[in-house]
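Engineer: What follows is a single structure, and I will ask about it in a moment.
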Amino acid sequence: MRKANSGSRTPSGRRWLLSGAVAIAAAGAAGAAQFGGWGPAMNAERLPRSSSQLNTSANDGCPILDPGTNDLYMASNRPGGAGGLDIWIAHWNGAGWDTPVNAGVGVNTRADEFCPDPAPGRRLFFVRRLTRTNTDIYVTSRRATGGFTTAQALARSSSGINSAAEEWSPSFFTAGGTQFLYFSSTREGRQRVYYSVNFGPASLAPGGVNSSAADARPNVRQDGLEIVWDSTRFGTLGGPDIWTASRSSINDPWGTAVHLENGINSAAGESRASLSNDGHRLMFGTTRAGGEGSSDIWTATR
């Protein structure tokens, strides 16, 4: 792995219907949350009560917040892990994040584990590297007494979520009683953004999220109406950079991709952005200068 924001990187836009003829009544633009612009980006370690060990001289990235607790899940190859990249968890103390703790057995192995996605119901989706050119999405559950159950790979097939290629950055949400899992995959030669309905066949995400460049590591806001991802498409500052798109209903294709500004993107690489449960905080990894290591975790609010 080159950095904790995970491996390498990487799409169409006609109107579409959800797989399996699922028709879902979702909130329209009038009922959707309203947000202002993003404020300046900052090193997440600089929050008032964040641990000085949030970012280290190792590779720290793939940041995402637990939708229920605001705890920070991340990937890092810092000392103390099981080997390679591991999933680590930093408790939210109300004003910052405590020192990250290794997620332990059930999640981490001697292989690389990265791109965590804590989901409701105590579930945790993440990616495990099987070979140099193959990664799969796994799922585990947090025990009420602490720790995690042994992770299981999601089903693999040529049209499924996992394939013989690389799958990254699972992003799970529910809408109208239907389960959605977004992710990116190299099954067509470069990273492109896909989605699955109720863990069924995978389809390319329609609209502005995919381009002729590499589009990777998507994260969808919990209402399904906003997405962030990193891309090497035209307009980056040095790439990959973080882009966003929105839609008025989950039955619509994604709108035009918008490049995030105000110090979120830089001439370095930014990747694996994620949105908090309420949509007010953005987390992302960056290789920009001035951090603790070759990759650090930064944040912005709106």
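Computed from the coordinates by the stated procedures, all read-outs in this text should not be read as laboratory data. Note that the coordinates shown come from a computational prediction; the quantities given were computed from them, not determined experimentally. Methodologically, a virtual Cβ is constructed for each residue, glycine included, from the backbone with ideal geometry; neighbour enumeration extends over all protein chains shown.
Engineer: Determine the distance separating the Cα centre of the stretch 115-156 from the Cα centre of the stretch 261-280; give it in Å without decimals.
Structural biologist: The stretch 115-156 and the stretch 261-280 have Cα centres separated by 24 Å.
Engineer: Let me ask you something else. Explain nothing, just compute: Karplus ³J(HN,Hα) = 6.51 cos²θ - 1.76 cosθ + 1.60, θ = phi - 60°, for every residue of the stretch 151-161 in order, whole Hz, x for Gly and Pro.
Structural biologist: With coefficients 6.51, -1.76 and 1.60, one gets 5, 10, 6, 5, 4, 10, 6, 5, 10, x, 5 Hz.
Engineer: Relative contact order of the stretch 33-292, please, whole-number percent, based on alpha carbon pairs below 8 angstrom and at least 6 residues apart.
Structural biologist: Averaging sequence separation for qualifying contacts and normalising by length gives 15 percent for the stretch 33-292.
Engineer: Roughly what % of DSSP beta bridges within the chain run antiparallel, to the nearest 5?
Structural biologist: For the chain, the DSSP antiparallel bridge percentage is about 95.
Engineer: For the chain, what is the Kirkwood hydrodynamic radius in Å, using each pair of distinct C-alpha atoms?
Structural biologist: 18.8
Engineer: Enumerate the calculated ³J(HN,Hα) couplings along the stretch 270-278 in order (Karplus 6.51 cos²θ - 1.76 cosθ + 1.60, θ = phi - 60°), each rounded to whole Hz, writing x wherever the residue is Gly or Pro.
Structural biologist: After applying 6.51 cos²θ - 1.76 cosθ + 1.60, I find 10, 7, 6, 6, 8, 10, 5, 4, 8 Hz.
Engineer: Follow-up. Sorting check: for 144-157, 74-87, which peptide has the highest mean count of neighbouring beta carbons within 10 Å, and how do the rest follow?
Structural biologist: 74-87, 144-157
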